[in-house]
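Worksheet for the structure shown next.
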Amino acid sequence: MRGVHVDPQRREVRMLDRYVPIEGARLLEIGCGQGRLTRRLATKTNTLLGFDTTYETVKKAHRLIPERQRHSTRVVVASGVQMPFQDRSFDVTLFSWSL
């Protein structure tokens, strides 16, 4: 099918914009992977912290974050079982495609 383009990240962001208060939020992204959604959300949030369980994945995600977003976006290695964050550190927690 010529001319058809599917962009699931843009659809996800549109749905989040509609139902979740991410504009200006402190957002935690659990299972950020290589940052496929992180980079799109970072333009809307006040701060964004994404984490994943493997160093190589987080390293790639960090490399892909645009320079203009690096002041407010971080990606780190962490586990969803024992998250090293204080209570109420975030306004929104997102868990997408991480099963």
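None of the figures in this text is laboratory data; all of them are computed from the coordinates on show. Note that the structure is predicted; figures quoted are calculated from it, not measured. So basically every Cβ, Gly included, is an ideal-geometry build from the backbone, and we count neighbours across all protein chains shown.
Data for the structure
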quantity: Candidates per trypsin sites (Lys or Arg not before Pro) in segment 60-96, loop by DSSP, up to 16 other Cβ within 10 Å; calculated: R70, R88
quantity: Crossing angle, helix 55-64 versus the chain [Cα axis fit, 0-90 degrees, rounded to tens]; calculated: 50
quantity: Counted charge near T43, where neighbours are those whose Cβ lies closer than 11 Å (Asp, Glu -1; Lys, Arg +1); calculated: +3
quantity: Relative contact order, percent, segment 26-81 [alpha-carbon distance under 8 Å, six or more residues apart]; calculated: 40
quantity: Helix 8-19 vs. the chain, principal-axis angle (Cα, 0 to 90°, nearest 10); calculated: 70
quantity: Loop-exposed chymotrypsin sites (Phe, Trp or Tyr not before Pro) per DSSP, neighbour cap 15 Cβ within 10 angstrom, longest uninterrupted part of the chain; calculated: 1-84
